[in-house]
1. Compute the distance from the alpha-carbon center of region 155-202 to that of region 25-43, in whole Å.
2. Residues with amide H under 5 Å of THR155's amide H, sequence separation 5 or more or different chain, H placed in the peptide plane at 1.01 Å from N; which?
3. Quick check: net charge around MET170, other residues with Cβ under 12 Å of its Cβ, Lys/Arg +1 and Asp/Glu -1?
4. Once you charge only the Cβ atoms, +1 for Lys and Arg and -1 for Asp and Glu, what is the size of the charge dipole of region 228-278 about its Cα centre, to the nearest 20 debye?
5. Taking trypsin sites (Lys or Arg not before Pro) that fall in a DSSP loop and have at most 15 other Cβ atoms within 10 Å as cut points, what is the longest piece of the chain between them?
6. Given the DSSP H assignment, sum -39500 (n - 2.57) over each helix run of at least 4 residues in the chain and divide by its residue total; what's the result at 222 nm in deg cm²/dmol, nearest 500?
7. Assigning unit charges at the beta carbon (Lys, Arg +1; Asp, Glu -1) and nothing else, what dipole magnitude in debye, to the nearest 20, does the chain show about its Cα centre?
8. Which value in Å is the Kirkwood Rh of region 170-225 over different Cα pairs?
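The values are calculated or read from the model by the stated rules, or taken from the named source; none is laboratory data. Just so we're clear, the structure is a prediction, and the values are computed from it rather than from any experiment. Neighbour counts are summed over all protein chains in view; Cβ atoms, including those assigned to glycine, are modelled from backbone coordinates with ideal geometry. Remember, those area values only see protein heavy atoms, side chains included, never the ligands or the DNA or RNA. Shrake-Rupley method; radii C 1.70, N 1.55, O 1.52, S 1.80 Å.
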Amino acid sequence: MSLGSSVFSTESYFHTQKPPDGLDIKTARMGEFVEHWRGVQGNKVVLVTSGGTTVPLEANTVRFLDNFSAGTRGATSAEYFLSAGYAVIFLHRQHSLRPFSRHYSHSLNPFLDLLSESSGTIAVSPEHTAKLLPILRAYHAAQVKGTLLSIEFQTVNEYLWLLKGVTGVMAPLGRRGMFYLAAAVSDFFLPEDKMAEHKIQSGHGTLSLEMDQVPKVLRPLVQEWTPEGYIVSFKLETEERFLIPKARAALSRYGHQLVIGNDLHRRKYEVVFVERTDGRRKTGVEDIPGGAETPPLEDANEFKETWLRLADLTRRTGNGADGEVEIEELIVNELVNRHDRWIADAES
Ligand code: PAZ
């Protein structure tokens, strides 16, 4: 497989790639949700994106490329945002993990194993009740209050259109809107005019694919679609040496508030917050032609890094050793404080 270097601007992407079926309905649902919560005094709304995007190789899709992500980060974080009082739009990959039900995924903790039966009556076995009860209560509370809206995507094209749509409907929230972009989004895609209509037939030797680069929509998202929102992006690397330089480069390039860096293998135990020293957005960010992730020359003093590690928590408090503390709880606590400061800054 060879990778091409065509670059779509965000504008040309949305001009040439068709919106997915159901976009209007999904965007309208998100719009109604936001409008409702905008009317509730002091309420904050967070968009959590979660799971990996697919890149179909055929219009009648039999095969696709996928991005790694189980959706754990997004589903877990959504629960902590709900318990911190946020209304949550959970924009997630179809069939990836979801808030609350993630505790009983079919592979790790099949729900049938929780049940016992006696004379035709089914009950949750007593040894599972204590763990299930708070989860069930939080799930019911979110349902009763209507604080969780889940919307699905599958392909990278669906994701990009939905992200644009939801950002538009969240813009009126101003600083009360947070964007927590944890989905693992493909950097490459096959534009419609290069995609095979039907299943690619085998028997002709190797398959070569030339893919185009997905536009970096974070830039218009920050600069145009939601100039006031609190925006958190994630950076996943498999080599630690790239983590901080790439996170700084993203901040310089897009001008948003925070990048959370994580290493593929240690992502459940530690993450690094990379932000500007003054905690602010940078305005007047220049676009870097070519869409490449070339780090501009930046002054290291402009940035600060804060590591969150479960091991540090265990050392300090003795908690976390039993695997009960999740790193997303630490992440969300930090974010709520930063978001509140962002809101208060505008008021002072
Ligand atoms: O979903 P998960 O818990 O398995 O993984 C989470 C993650 C690593 C996909 C997320 O933390 C992340 O880094 N998302 C952005 C990935 C990227 O750089 O595109």
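1. 21
2. Long-range HN contacts for THR155: THR54.
3. Values: positive: ARG38, LYS44, LYS164, ARG175, ARG176; negative: GLU35, GLU228.
That works out to +3.
4. Details: 9 positive and 8 negative charges, 26 e Å.
Result for region 228-278 is approximately 120 debye, rounded to the nearest 20.
5. Working: sites that count: ARG63, LYS199, ARG266, LYS268, ARG280.
Longest gap between qualifying sites, sites excluded: 64-198.
6. Working: 8 runs with 114 residues, N = 348.
Calculated at 222 nm, the ellipticity per residue is -10500 deg cm²/dmol.
7. Working: 38 positive and 45 negative charges, 116 e Å.
Rounded to the nearest 20 debye, it is 560 debye.
8. Details: mean 1/r = 0.0663 Å⁻¹.
Taking every pair of different Cα atoms in region 170-225, averaging 1/r and inverting gives 15.1 Å.
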